[in-house]
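Step one of this worksheet: look at the structure below.
Laboratory data are not the source of any read-out in this text; all were calculated from the coordinates shown. Small disclaimer: the values here were computed from a predicted structure and weren't measured. All Cβ positions, even for glycine, are placed from backbone atoms using ideal geometry, and neighbour counts span all protein chains on display.
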Amino acid sequence: MNCYEVRDIISAYIEKELSIQSIKQFDEHINNCKNCDGTYLGVSSLITTLHSSPRITVSDRFNSMLQERINNISTRTINPISRLFRDKLVFGFEPKYAFVSITAVVAIIFLMVGLLPTNENPSLETSIPTEITPVFTGSSFPDDNPGMHNPDVNLVSETDRDSVKTHENKKGTVSDFEGRIKLVKDRR
Amino acid sequence: MTDKHQYNDEELIYRFQQGDEVAYIELVNRYRNRLINFVYRYIGDRNDAEDIVQDTLVKLYTHKHFYRNIAKFSTWIYTIASNLAKTELRKRKRRKVTVLSKMGGEDREFDPASEITADEFAEGRHTEREIQNAIQSLPLHFRTAVILRDIQELSYEEISNILDVPLGTVKSRINRARLQLQEELKHVKQKGRKRI
C-alpha cells in the first residue's frame, strides 16, 4: 500500500469500514511512514473537533418572526386558479413545472406539424419549368458562349418536356445518333 | 404538545398534511437548531443563516403536500435548506463581484477573519474561527458533504439522498474534504506560529 492509497482510505479506516487485510496493510504503512501517520492523526483529530464544535441556536425572536410570516401567507389573497392547484401535484409535478412541461410539449407538436412537408400535388415536383438548358448535339464541345458561333448547339427549353425527354431517351441509342448526324449534315 | 414527542418525523409531517398545525410546531422545534447549524456552517453568516432557515420552514408550511413518504423527512428538509443556501451563495457571489470591482487592491487584501491572535494560538487547538474559515475554503460539494457528516452527523445514505449522488461519491467527497480541511488547518497553525 502506497501513500496515495492510504490517503484514499483514511476515513474508511477511522470509521472501521475496512477489511482485516486492509487494516493490516494500513497499519503497516503508517508505522513506517511519518507523513501518512501525521495525516491520519490530523484527520482523526479534525473529526473529533468537528463533532464537538459548539452548536449555535436560533435567536429568541425566531419563532415569533416565523409565526408572523406564516400569518402573512395565510391572510394573503390567493387567486382562484392558484387556489385550485394549491397543495396539489399535476402528473406528479409541482403545478408550475407541470404547466411549463405541457406547454413545451404542445409547442413542439405544433412546430413539428408546421414543419412537415405538405405533399398535396406530387406531380408538381417534376413538372416545374426552371431554366433553359443547352443541349449539345453532334461531337462538338460546349464553350463559354455556345449559341453564338457553334451551329451544332441548340437551345431547348425544359418546358418542352417531351422533346427533352425524347432526346434524353434517345441519346444512348446508336441508330438515333446516326440519324441525328445525318440530319445535321443535311442541314449543312 | 408533550405527546407529540412520541411521533417520529414522518408521522408528524403526515399529521401536518392532514391539517394538524401542532405537528408543524413540533417539526419546527425539532429542526430549527439543526438547520441553522447546517446553514451557518455552509454560508458562514449567522443572520443570513437564520433567514434561510426561516425560508425553509415557511416552505415546509406552504409546500407540505409535496412531501411524499418515500424518503425520510430529514432528507427532504435538508435538501430544501441546502438548495436555499446554494441560491444565497450564488446571489452573494454576484454581489461580491460587483463590490470587488469597485474596491482598490488594499481593501481586497484585508480579511479580519483570517487573523489569528496569540491567545487563540496559545490554546493549542483549532479555534472555532479557524474551523469556520477552513470549512468556507472548501469547494461547495465537499463543504456540504463534510458538514452533513461531521457536524450534522447524518448517515452516508442520508447524505447520498440529500445530495442526490451515489454512496461511493459521498464517501470519496467526505474523505477528500477531511484531508483538505486538515491541510488547511495545519497551514493556518504554521502561519500563526511564524507570526508569533
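Among the listed pairs A:24/B:86; A:24/B:171; A:16/B:59; A:16/B:93; A:34/B:171, those with a Cα-Cα distance over 30 Å are A:24/B:86; A:16/B:59; A:16/B:93. With the simple model of a label 7 Å out from the Cα in the direction of the Cβ, residue B:10 to residue B:93 spans 3.5 nm. When each of the peptides A:94-102, B:28-36 is scored by how many other beta carbons lie within 10 Å of its residues on average, the order from highest to lowest is B:28-36, A:94-102. Here the stretch B:28-94 and the stretch A:1-71 have alpha carbon centers that stand 23 Å from each other.
Diagonalise the Cα gyration tensor of the stretch A:3-51 and give the resulting equivalent ellipsoid semi-axes, square root of 5 times each eigenvalue, largest first, whole Å. Before the final figure, lay out each step's value.
On the way: eigenvalues 59, 37, 12 Å².
Equivalent ellipsoid of the stretch A:3-51: 17, 14, 8 Å, largest first.
In terms of its Cα atoms, the stretch B:1-88 spans 35, 25, 19 Å along the principal axes, sorted from long to short.
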